[in-house]
Every structure is written in C-alpha cells, then in structure tokens.
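Undergrad: Dropping the structure in here first, questions after.
FYI, it's all coordinate maths here, none of it is from the lab. These figures come from a predicted structure and were not determined experimentally. Every residue, glycine as well, gets a Cβ built from its backbone with ideal geometry; the counts of neighbours run over all protein chains shown.
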Ligand SMILES: [Zn+2]
C-alpha cells in the first residue's frame with residue numbers, strides 16, 4: 001500500500017498530494033481503560049468456518065518464498081523482483097492457467113514488460129527565489145522548499161507571477177470553483193494543502209488527487225503547495241523534507257515518453273512557512289488571515305493575485321529500468337459471458353533495501369521483506385487461482401490474475417495495465433484488489449473499500465456471509481484508503497472495484513495499529529511476525545467468494561445511480577438503483 005504521507009518528488013506529488021495530509025497520529029492507541037467497554041471474547045481461528053480447499057500451508061509457503069531475504073524486498077527494477085515475477089508466472093503455469101501478458105509472434109507471455117523512467121535529482125543548487133515588494137529571497141531545496149523533479153525537463157528553470165487559488169479545487173457537482181474570477185494563465189498557482197474539514201473523504205481524495213489537473217485546465221504552469229495549520233501539525237515540515245532526495249518514477253508509454261498527465265504543469269513544489277510568508281508579502285490578505293479562515297470547518301478561502309513572483313529551479317538526470325506485471329487467466333465457462341473479465345489484482349513489488357546509515361550496527365537488517373505488504377496479498381491471489389483452477393465448475397466470466405509491479409512507486413504497474421490492458425478495457429467488468437492484508441489475528445469482519453459505490457457493496461456482504469464474516473464500515477475514513485492502492489487505477493478507467501481489508505473486530509484494531517506502527521514499510525514486515533496462516537487461507541476464501549460472485553452473476557457489477565465516482569469515471573455506463 002502507498003504510504004499516507006509520502007513526500008516524493010513531482011510525479012508522486014501530482015498523483016497523491018492528499019497522502020501528505022493524512023497522519024498515523026490520528027489513531028491514538030491509548031483508550032481509557034476505565035470507561036471502555038470490555039472487549040468481546042476473542043474468537044479463535046479454529047472456531048471460524050472455513051472451506052478446506054484453501055490451504056494455510058500453501059499461503060505460508062508462497063509468502064515465505066516471496067518475503068525471503070534473497071529477494072531483497074522486491075524493489076521495482078531489481079533482480080529480486082524479477083525472481084518473484086518468474087516464481088508467480090511458474091506457479092500460474094503449474095496450475096494450467098492461460099498466459100495473458102505481452103503478445104509476441106501470435107503467442108502471449110506471462111509477463112507484461114513495463115519500462116519506467118527513474119528521475120534523480122542532481123547535486124546542484126535547487127530551490128525557489130521569491131521577488132516582490134519586500135525584495136528578493138531564496139529558499140533552498142530540502143531546507144525551505146521541496147522542488148519536484150520533472151521527468152521530461154531535466155534542467156528546470158521556471159519563472160512566473162504567483163496567484164493564490166485557495167485549495168485549488170474545481171467541481172461543478174459539488175459547486176466548487178476555487179479559480180472563479182482568477183487569471184492564472186502562464187502563472188504559478190499557490191494553494192493550500194489538503195482539503196477543508198467537512199468534505200466527504202472519498203470525493204475530497206479525488207479533488208486533492210486532481211489539483212494539478214485543475215491547475216493545468218486553467219492554464220497555470222506551476223503549482224506550489226503551502227501548509228494549513230492543520231496539515232503542518234499532521235506532518236511537520238522537517239518530516240516532509242526527509243524524503244527530498246528520493247528518486248521519482250513514471251511509466252514510459254509506447255511513444256517513448258515518460259507518462260505525464262499534466263505536462264503543462266512544468267513544476268511542482270512545496271514550501272516551508274518562511275517561504276510561504278515571503279510569497280504573501282504585501283498581499284491583499286495576510287497568510288495568517290488565510291490560514292485562520294482555513295481552520296474553520298468547511299471554509300474555503302477565496303483566491304487572489306499575489307504581489308510576488310517566483311523562480312523555481314533544479315536539475316535532474318533520468319535512467320530507465322524495466323519491470324514486469326505478471327498476467328494470467330482462467331477462461332470463462334459460459335460462452336455468452338466468457339468475453340467479459342473480472343480482474344483479481346495484487347502488487348508483487350515492495351520497497352527494497354533501506355540505505356545504510358553511518359551509525360548502523362554491523363550486520364543490521366536493512367531488507368524490507370514486505371511479508372504482509374504484499375507477499376501475503378499475492379499468496380492469497382495465487383491461492384484463489386489454485387482453487388479455481390482445480391474445481392470442476394469454472395466461473396462463467398473469465399478471471400484475470402494480475403500481480404502488478406511498481407505499486408510502491410505510485411500505483412504505476414496497475415495504472416499501466418489499466419491503460420494498456422491485454423483485453424479490451426470495456427470488457428473488464430470488475431476488479432478485486434489485494435493489498436497488505438493484516439493476518440496476525442482471527443478476523444471476523446472486513447472493510448470493503450470502494451464497494452459502496454457500486455453493486456459490489458451488496459454482493460460482497462452476501463458473498464462473505466456464509467463464512468460468518470460481516471462487512472464493517474471504514475474505520476479510518478481520514479486515511480482515504482480508497483485512492484491508495486491499485487484498484488483506484490481501474491476505478492479511474494470506469495471499472496467498479498472492491499478492495500478488502502481485514503476488520504477491526506476480534507482484536508483487529510490492535511493488530512492493525514501494531515503492524516502500522518512497528519512493521520509497515522519497515523524491516524520488521526517479515527516472517528517473524530505472528531502471522532496466523534489459517535486466517536490467510538480464510539482471507540483467500542473471502543476473496544474467492546467475491547470474485548466468483550462477480551464472475552457468475554447474470555449482470556456484471558454496476559455503479560450505483562448518482563454515485564460520485566460512477567458519474568465521474570463511467571458517465572455512460574449502465575447504472576443500478578441504489579439499494580439493489
Ligand atoms: Zn506498501
């Protein structure tokens with residue numbers, strides 16, 4: 001899964017600016033022991049009903065291989081990842097699946113090879129110079145500014161007047177237009193980070209994800225984000241610049257260019273409080289006034305032209321690496337429906353090896369094995385494939401299994417597949433995504449992210465009911481999980497999707513917090529965790545049931561009428577009445 005407050009460079013920023021806002025500190029572990037009701041008695045894994053076809057040993061064996069130190073954390077472009085990809089491909093082959101990757105000489109391969117551009121910052125002066133009524137001042141990169149690298153412009157040097165645009169949102173349906181009356185053509189827009197309190201979190205996540213698109217649509221050439229009091233509290237500036245020298249990735253299209261959804265936005269940056277103050281020198285309203293207004297629930301400060309201009313500069317170099325998606329299929333058994341596809345996805349990559357630090361003890365473990373994130377998701381996916389491949393009555397629709405690459409670099413492998421699918425995208429009727437299942441306890445409920453937007457809500461609840469598993473509402477809406485994993489790339493192409501997480505019941509909340517705090521994206525996410533492999537087998541069963549229900553239904557999954565995401569990404573698709 002993508003971290004909630006990643007501060008990579010420009011490309012990641014463009015796609016996930018919201019993630020910079022959310023904060024783990026929103027989950028205080030301490031609860032009052034006196035007032036909290038006693039937790040219900042824990043249900044043991046052995047007491048949960050389970051289909052014996054799903055094997056805990058197989059799930060464990062697959063995770064053990066994928067999370068082995070030998071694979072060095074399966075980083076995109078690494079040999080360790082390539083080994084993992086071959087392993088998954090051969091497991092698919094051993095099950096008799098159909099390869100559905102790249103086509104060559106009339107034959108399909110297991111792998112869909114993706115080229116990535118890796119852009120790294122050069123060690124030369126970089127930053128932002130601000131000029132205005134108070135004179136000129138410079139704010140260096142990684143000190144008082146964070147200047148994103150540009151995949152397509154290695155020598156970045158952009159100068160333009162600054163215009164403040166509030167949160168930088170535009171959405172007719174919500175009646176929001178932060179650009180109203182402002183001329184930002186050829187200018188750099190300055191905007192508040194995050195979104196106003198009170199906006200529903202999923203539409204808000206979409207708006208935050210789209211800030212660069214709105215800026216481009218209005219003719220701006222650069223974006224600078226400044227903190228609200230709230231966002232500064234959630235993620236202090238010092239922490240934000242800790243990732244100021246990480247490389248950025250983008251996939252390379254068939255045209256040979258690094259993909260950039262907003263090519264006219266030449267530069268993206270973020271600034272410290274000091275630099276933000278300088279940009280508001282002599283402005284119609286002070287930065288303090290704007291921030292005070294933004295602190296009020298639901299308030300969206302209106303924009304105005306600033307009296308300052310900025311020069312943003314920096315240099316980078318790019319190299320290319322390749323890394324494959326692994327794609328296989330079980331053909332549908334119903335001739336009328338076999339031309340439609342349900343896609344079960346899970347990311348195979350992880351974050352590799354942490355760089356050595358000078359004060360490291362000798363022999364310190366630096367390998368991020370990613371046992372739960374997401375060897376466990378891929379093992380679950382392979383277990384679903386195993387059971388489906390071995391059963392007599394096959395699913396009516398075809399089922400695609402996608403082990404994706406570069407999720408940790410910004411959901412790039414799944415985005416590439418969703419934009420370059422090996423079957424027609426309009427024939428992909430639904431997606432089930434697997435990412436980072438917390439399997440360290442006996443789960444009795446699940447959260448079905450994204451399901452409420454389509455008929456997948458009712459379908460999921462029905463599918464897992466025989467397992468005595470219930471569907472619980474999202475316990476962490478502020479984390480906007482819906483936009484943080486691979487399924488969202490399919491949603492953007494109009495495909496209804498669901499992403500299951502094990503729930504907070506029966507000790508799940510404590511298990512999640514422990515994982516999130518101690519092991520998520522750390523070396524401790526390895527086989528030493530107390531993983532309950534029977535829970536892994538049961539999690540595979542839950543996803544199998546959902547996938548089969550989608551593949552076997554008379555009608556494919558449908559967006560609900562009037563749903564924000566359905567209307568946005570699949571405006572012409574047939575819709576279902578809510579409540580059905
Ligand atoms: Zn992750």
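Undergrad: Points 7 angstrom from Cα along the Cβ direction at residue 157 and residue 98: gap in nanometres?
TA: 5.6
Undergrad: Mind jotting down the distance between the C-alpha centroids of region 469-485 and region 216-268, whole Å?
TA: Cα centres, region 216-268 to region 469-485: 25 Å.
Undergrad: Fewest Cβ neighbours within 10 Å first, please rank 498, 429 accordingly. Can you show the working numbers first?
TA: Values: 498 28, 429 21.
Fewest to most other Cβ atoms nearby, the residues stand as 429, 498.
Undergrad: Rounded to the nearest 10 degrees, what's the angle between the helix 533-552 long axis and the longest principal axis of the chain, both from Cα atoms, 0 to 90?
TA: 90
Undergrad: Here's something else I'd like to know. Once you order the gyration tensor axes a ≥ b ≥ c over the Cα atoms, which shape class does region 53-113 get: rounded for a/c under 1.5, otherwise prolate or oblate by comparing a/b with b/c? Could the numbers behind the result be given before it?
TA: Details: a/c = 3.73, a/b = 1.26, b/c = 2.95.
Oblate shape, in that a/c is at least 1.5 and b/c is the bigger or equal ratio.
Undergrad: OK, next. Can you sort 192, 71 by how many other beta carbons sit within 10 Å, fewest first? The partial results should precede the final answer.
TA: Working: 192 28, 71 24.
Arranged by neighbour count, lowest to highest, 192, 71 become 71, 192.
Undergrad: Something else about it: Any chance you could run the full-extension gain for residue 171 through residue 478? It's 0.36 nm times the residue separation minus the Cα-Cα distance, nm to one decimal.
TA: Values: separation 307, 0.36 × 307 = 110.52 nm, distance 2.06 nm.
My answer for the length gained is 108.5 nm.
Undergrad: Once both axes come from the Cα atoms, what is the angle between helix 56-66 and the longest principal axis of the chain, in degrees from 0 to 90, rounded to 10?
TA: 40
Undergrad: Sorting check: for 309-316, 105-112, which peptide has the highest mean count of neighbouring beta carbons within 10 Å, and how do the rest follow? Display every interim value, and only then the final one.
TA: Details: 309-316: 22.0, 105-112: 15.0.
Peptide ranking by packing, descending: 309-316, 105-112.
Undergrad: Show me the three semi-axes of the equivalent ellipsoid for region 246-292, from the C-alpha gyration tensor (sqrt of 5 times each eigenvalue), largest first, rounded to whole Å. Write down the numbers at each step before the final one.
TA: On the way: eigenvalues 258, 29, 14 Å².
One finds semi-axes of 36, 12, 8 Å for region 246-292.
Undergrad: Taking only the alpha-carbon positions of region 121-318 and ignoring solvent, what does the Debye formula give for the base-10 log of I(q)/I(0) at q = 0.12, 0.14, 0.17 Å⁻¹?
TA: Here log10 of I(q) over I(0) equals -0.57, -0.80, -1.20.
Undergrad: If you fit an axis through the alpha-carbon atoms of helix 79-94 and take the longest principal axis of the Cα set of the chain, what angle between them do you get, 0 to 90°, nearest 10?
TA: Approximately 30 degrees, to the nearest ten.
Undergrad: Rounded if a/c is under 1.5, else prolate if a/b is larger than b/c, else oblate: which is the chain, with a ≥ b ≥ c the root eigenvalues of its Cα gyration tensor? Write out the running numbers ahead of the final one.
TA: Numbers: a/c = 1.60, a/b = 1.56, b/c = 1.02.
Prolate, because a/c is 1.5 or more and a/b exceeds b/c.
Undergrad: Among the DSSP beta bridges whose two residues both lie in region 121-318, what percent are antiparallel, rounded to the nearest 5?
TA: On the way: 27 of 40 bridges.
Percent antiparallel among DSSP bridges in region 121-318 is about 70.
Undergrad: Could you sort the peptides 94-102, 531-539 by per-residue average Cβ neighbour count (10 Å cutoff), highest mean leading? Walk me through the numbers before you get to the answer.
TA: On the way: 94-102: 17.6, 531-539: 23.3.
Output ranking for 94-102, 531-539: 531-539, 94-102.
Undergrad: Against the globular-protein guess of 2.2 N^0.38 Å, express the Cα radius of gyration of region 327-473 as a ratio, rounded to two decimals. Mind dumping the intermediate values first?
TA: Working: Rg = 18.1 Å, N = 147, 2.2 N^0.38 = 14.7 Å.
It is 1.23.
Undergrad: On to the next question. Based only on other Cβ atoms within 10 Å, what is the fewest-to-most ordering of 193, 513, 155?
TA: Numbers: 193 24, 513 16, 155 11.
Fewest-to-most Cβ neighbours within 10 Å comes out as 155, 513, 193.
Undergrad: Further question: Taking every DSSP beta bridge that has both residues in the chain, what percent is antiparallel when rounded to the nearest 5? Let's see the in-between values first.
TA: On the way: 56 of 90 bridges.
Expressed as a percentage, antiparallel bridges in the chain total about 60.
Undergrad: Moving to a separate point now. What ranking, highest mean first, results for peptides 460-469, 544-553 when packing means the other Cβ atoms within 10 Å averaged over each residue?
TA: On the way: 460-469: 18.3, 544-553: 23.5.
Those peptides, ordered most packed to least, come out 544-553, 460-469.
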